Amino acid sequence: ANARRLSNSLHTMHAFVGPEKRSITSHSIQMESNHALYSATDSATDNARKHDDAPTTENLSKKHFHCYLLRSLDPKHPLKTYIGYTTNPHRRLRQHNGDLATGGARRTKRSGRPWEYVAVIDGFADKVSAMQFEWAWQHVGKSKVFRSAVGCDILARKMKRRRGVKARLDELGILLNDCAPFNDSSLEVYFPEREYYDLFCDLSKEEGGVKMEVCGVEDMPFAKGASARKKTPITKVANSLGSSIDLIGSSTISSLTKMVYGRLPLSKDSITCNPLLRLGLRSRMTPFTTSSWALNAVADANVQESQLDNKESVGENAQVKVPAKFRPYPFPYHEELTVRIAALTNLGFGIARVEIDENLDTDAKSTASGNDRNIHSENENAHPREPKKWVVFVPNVIPGELVRIRIYRNYASYSDADLLEIVETSSDRIEPKCSLATICGGCQYQHITIDRQREMKTTQVQELFERLGGFETHEFPTVLDTLGTDEVFGYRSKITPHYEAPMNKKGRRKAIQKHGEDTAASKMCEIGSIGFKEKASRRLVDVPHCHIATDAINDALVKVREEKREDARQGLLKKPTKGATLLLRDSNDLVETNHNVYVNTTVKDLVFRFQAGNFFQNNPFMLPKMVDLVVDAATKTSRTGETMTHLIDCYCGSGLFALGSSSSFDVCVGIEVNEKAVEEARENAALNGIQNCDFVSASAEAIFQSKDAVKVAKNDGDDADLLVRDFPRGSTVVVVDPPRKGCSEEFLEQLDAYGPARVVYMSCDPATQARDAKFLVSYGYEIVSIQPFDLFPQTRH
C-alpha cells in the first residue's frame, strides 16, 4: 500500500523525502532520528485511499538525481558496462538504446546496444552529490575515498582493470559501505533483475544495511515521477531503530508485514516473499554534516533550525549549474578558498598550495596478492601520509598576496580557480592600463610594476635552469638582471587578432536553399568578437584597442575591424563558416595586412626585407640591444686566446644575427629550413652590400654533414668555396635561435660531434633552453653567462 495513503490512518507519522520536509497530513510534520516500520491491514489501506489528497506542486516538481550501471547485451562488444548520471532513468535507457535522437549517451548510442539496467542508485540531494558518486565509481583507481577504503593504491588500480557486472557491483558495495560520505547517506539501490540483487548481496560480505529494491525500470517511483509527474513521491516512514524504510504501493501486496530494523541488515531469506523490497543504508553520522559533499543526511528531531538552514543551502547549491564534465575531486564546483600565492608559473598564473588530507595506506603487500579483494581487514602496516600540497592556479595575482579564490576546474594533479578578492595586496600591484587586462589572454602582468615584472622573469629563468635543466646553483653563473627598454607600452610591431566562424554549416545550407549558392546573400552574416583568447579559456575577447601595440597598428585596427564586419554583412567573406586570423604588421609606420606583401624594417642601420606574414622579431626597440649582445658574446676570444673568425647561424630566418655579426667575422653562414626565408636572407645580404655571408636552405640537423659548399667572399676580398664541416673548430661560433620547441636531440648530437669553440643560444622559451643546456653541458661545454631580455613587457614572455 502506498505509505502516503496510510498516513491519515496512523496516529503518529513522520515523513520526509530527501532532505526536504514534506507536509502530507494536517498534522505538524517533523523529522526524527528514531524510526519504526508500521504495519497496516487492507482495511486501513482502503480507509486511507478514501482520504487521499491531491499531490502538491512541490511533490510534482521534485527532481531526483541518480547514478546507474548499464550492461551491454552484445557479447561481442568490448564495452561490457557503463556508469552514468541522470535525472530520468527511463528516458536515459531509451537514449542509450537509440530510441531517442536527442540527449546524451552518444558514446553508447553508437555501439554496445542493446543495453539494460543492472542497478540504479537514488537518494542524492543534488546534482553535485550524484556526479561526485559517479566520478568515484568510474575512477576507483584514482578516487581517494575508494583507495582509502580498500587500503591499497595498487589494489584499487587492479580492481579498476577488472571488467564486467560483477566487478562494478563489487565496487558499488565498497562505495556504499566503506567510503565516506556515501556510507553516511540515505542512498537507495534499485535492481531490475533479482540475479543482480543476489550477486550484490553475495559480494557485500560485510553486513552493511544497504537499502535495495527489486523492480523494473517502469516501476521505479522516481522514474515515473520524472516522466509523468503525476504520482506522489515515495514517502519514507520513520521508525525507532535507526533505519529509514520506504513503503511502496503494489496491488500484489495485500498487507504490510511488521518488521524491526536494527543494526543488522535484512537478510535475503526474509525477502523472498516480497518482490518489491528496498534495504536502507544505515546512517552513521551526526545530522547535517558540514561536509562539502552535500549528500543526504538523516536529521535529528531536536535540530529543526538546522534543518531549515540546510534546506536553504541546498537551494543555493541547486542554482549553480555544474559543468557536465566537471571532476569533483579534490574540491567541489565553486568551492571558495583563501590562499597565499607562492610563485608564478611560466604562463603567468599564480601558484597556491592547499593542504588536502590523504590518509591512505601505501603498503600493498597484504592486498596485492591472493584474492582480488581483501579490503575490510585491518592492515597492520598501514600508516598515514603527510598532508598533500595540492596546487591551484590563479590568474591576475602577485607572489606573496593573500587572495580569496573559487574553484572551477579540477585536473589529475592541480586545479584552476577564479580570483574573487585580494585580501592582502602586494606593494607591487598597480592599476592596469587596459580595461581588458584581467580577462584578455594577451597580457598577464599589467597589474604588476615593470621592475617587479623583470625581477620575476629573472627568477623564472633561474628556477627553470635549476628545475628543468637539473643544475645545482654552483654549476652555472647567476642569471643576470633582465634587460629591457623604456618602451613598455606601444612597442609591438605585429599583432594577429582572431574572429570565430560567423556562420555555422547548418546556417550556410539554409542560406543557400533560400538565396542560391552563387548569390552574395547566401554568405551574409555577422562577425562577433575580434580579438584574443581569454585567460584559461578558448573564448575570444573583443579588443578594439591593444595598448602594447604601436600607435600605427591601433589606428589601422579600427579600420580593419570595420571593413571585416562590413564584408561579412555584404557576403564577401570567402569562408563564412570558418574563423580567421587577421594580420597587422607595422613597418616604418606603415601597417600591412596582407601576409604576402614584402615590408622593410631597419635594425642598426641594416635594412631587412621580408614578407609581412613571415617571422621577424616584433619589438623593434629591443632588437638593436639583442644583436649587440649576441655579437659581443660571439666575438670574445677563446680561453686559449684565439680570435673567432667563422660564424654559423642556425635557424637564421631572414638573417638577423648573421648579417648583424658579419662585420666581426671572416665568414658567416645562415641555415634555415624555410626556403622563402633563405631567399629573403640572401636578398637582405645583397641589399646591405654584405658579401661574406651565405645562406643555405636545409634543416639544422644536416648542416654539419652537408657536402654542398657555401660560396662566400672573405673580408679580405678572396672568394672561397667552403664546406661547413671544414670550418676551423677552434675559431668557429654557432649561434642557435630555434623555435619555441627548442633544438632536436639529433641537432645537439651533431653539434657535439662538430665541436665548435663557442655556442650562443638565443631562445624564446627558457624552459626548452634549460633542457637543451643540460645536453650541451654533458658534452663538455660550460655555461658562461645567462642574459634574459624583456622582449614583451606586460606579458609572460
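The values are calculated or read from the model by the stated rules, or taken from the named source; none is laboratory data. Only a predicted model underlies this, so the values are computations on that prediction, with no experimental measurement involved. So basically every Cβ, Gly included, is an ideal-geometry build from the backbone, and we count neighbours across all protein chains shown. Ligands, DNA and RNA are excluded from the accessible area calculation, which covers all protein heavy atoms including side chains. Shrake-Rupley method; radii C 1.70, N 1.55, O 1.52, S 1.80 Å.
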Which numbered condition S638 fails, given (1) among the polar types (S, T, N, Q); (2) in contact with a Cys (Cβ under 9 Å, 6 or more places away or on another chain); (3) more than 29 Å from G490 (Cα to Cα): (2)
Residue pairs meeting the criteria (Cβ under 8 Å; at least 6 apart or on separate chains; first at positive phi and buried (at least 22 other Cβ atoms within 10 Å of the Cβ), in region 442-466; second modelled with pLDDT under 95 and in a loop (DSSP other than H, G, I, E, B)): none
Qualifying positions in region 615-651 - among the polar types (S, T, N, Q), under 27 Å from D589 (Cα atoms) and open to solvent by 30 Å² or more (accessible area, probe 1.4 Å): Q617
Verdict on K433 being in contact (Cβ under 8 Å) with a residue 40 or more places away in the chain, within 18 Å of D765 (Cβ to Cβ) and among the basic types (K, R): no
Per-region count, region 515-555, residues among the aliphatic types (A, V, I, L, M), more than 30 Å from T345 (Cβ to Cβ), open to solvent by less than 70 Å² (accessible area, probe 1.4 Å) and assigned to a loop (DSSP other than H, G, I, E, B): 1
Selected residue [under 21 Å from A536 (Cβ atoms), open to solvent by 40 Å² or more (accessible area, probe 1.4 Å) and at pLDDT 95 or above] from R409, R404: R404
Odd one out for S427, checked against (1) more than 31 Å from the chain's Cα centre (by Cα); (2) farther than 19 Å from I351 by Cα; (3) surrounded by fewer than 21 Cβ atoms within 10 Å (Cβ to Cβ): (2)
Hits in region 583-592 (condition: surrounded by 17 or more Cβ atoms within 10 Å (Cβ to Cβ) and assigned to a loop (DSSP other than H, G, I, E, B)): L583
Entirely in region 77-142, the helices (runs of 4 or more DSSP H) that have 3 or more residues that are open to solvent by 10 Å² or more (accessible area, probe 1.4 Å) and modelled with pLDDT of 85 or more: 127-138
Residues of region 174-189 satisfying the condition of being open to solvent by 10 Å² or more (accessible area, probe 1.4 Å) and in a helix (DSSP H, G or I): N177, D178, N183, D184
Residue in region 745-780 that is surrounded by the most Cβ atoms within 10 Å (Cβ to Cβ), counting only those that are at pLDDT 90 or above and polar (S, T, N, Q): Q769
Lone qualifier among G655, G670 - being buried (at least 23 other Cβ atoms within 10 Å of the Cβ) and at positive phi: G655
Test: residue in region 646-655 that is among the aromatic types (F, W, Y) and closer than 30 Å to V488 by Cβ: yes
Among (1) assigned to a helix (DSSP H, G or I); (2) at pLDDT 90 or above; (3) surrounded by fewer than 19 Cβ atoms within 10 Å (Cβ to Cβ) - the single one E680 does not satisfy: (3)
Residue check, F200 outside any loop (DSSP other than H, G, I, E, B) and either open to solvent by 20 Å² or more (accessible area, probe 1.4 Å) or hydrophobic (A, V, I, L, M, F, W, C) (or both): yes
Options L480, L436: the member that is open to solvent by 60 Å² or more (accessible area, probe 1.4 Å), assigned to a loop (DSSP other than H, G, I, E, B) and hydrophobic (A, V, I, L, M, F, W, C): L480
